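Peer 1: The structure follows.
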Amino acid sequence: MERILVLGTGAGTPLDCFNTCFILQNDNKNFLVDTGGGLQILKQIRDSKVKIDDIHDVFISHKHIDHLLGIFYILRNICHRMCSVGR
């Protein structure tokens, strides 16, 4: 089954409209498009019921910070969990 999960993150100046990040799902594969402008991406992924471990591909559409800055929070989250394994 194919689905698009709209995450709606972003760091643009509008109050009610954000640059959209989304997850494309096909079977058990999750493809994240853009990562937003900050920490909110982790909450949005969690709220979408997708585990970060299940996202194996990320596409950044262009090099504006409101599309790519969230990748650092995602990587930090993954690294933290990797270091916590076996403790």
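The values are calculated or read from the model by the stated rules, or taken from the named source; none is laboratory data. Because the structure is a prediction, the values reported are computed rather than measured. Methodologically, a virtual Cβ is constructed for each residue, glycine included, from the backbone with ideal geometry; neighbour enumeration extends over all protein chains shown.
Peer 1: Please find, within the stretch 23-47, the residue that is farthest from Leu69 (Cα to Cα) out of those that are hydrophobic (A, V, I, L, M, F, W, C) and surrounded by 18 or more Cβ atoms within 10 Å (Cβ to Cβ). Write out each step before concluding.
Peer 2: Step one: of the stretch 23-47, the residues hydrophobic (A, V, I, L, M, F, W, C) are 23-24, 31-33, 39, 41-42, 45.
Narrowing the set further to residues that are surrounded by 18 or more Cβ atoms within 10 Å (Cβ to Cβ) leaves 23, 32, 41-42, 45.
Details: Ile23: 17, Leu32: 14, Ile41: 10, Leu42: 12, Ile45: 15 Å.
Of everything passing the filter in the stretch 23-47, Ile23 is farthest from Leu69 (Cα to Cα).
Peer 1: Got a sec? Which strands (runs of 3 or more DSSP E) wholly within the stretch 20-84 have at least 2 residues that are touching a helix residue (DSSP H, G or I) at 6+ places or on another chain (Cβ under 9 Å)?
Peer 2: Numbers: elements: 22-26, 29-33, 55-59.
So the answer is 29-33, 55-59.
Peer 1: Which condition number in (1) surrounded by 12 or more Cβ atoms within 10 Å (Cβ to Cβ); (2) hydroxyl-bearing (Ser, Thr, Tyr); (3) at pLDDT below 90 is the one that Thr13 fails?
Peer 2: (1)
Peer 1: Also, I was wondering about something else. When only residues in the stretch 48-87 that are aliphatic (A, V, I, L, M) and surrounded by fewer than 14 Cβ atoms within 10 Å (Cβ to Cβ) count, which is modelled with the lowest pLDDT? Spell out how you get there, then give the answer.
Peer 2: First pass over the stretch 48-87, keeping only residues aliphatic (A, V, I, L, M): 50, 52, 55, 58, 60, 65, 68-69, 71, 74-75, 78, 82, 85.
Those still in the list that are surrounded by fewer than 14 Cβ atoms within 10 Å (Cβ to Cβ) too: 65, 75, 78, 82, 85.
Numbers: Ile65: 86, Leu75: 94, Ile78: 90, Met82: 87, Val85: 75.
The selected residue is Val85.
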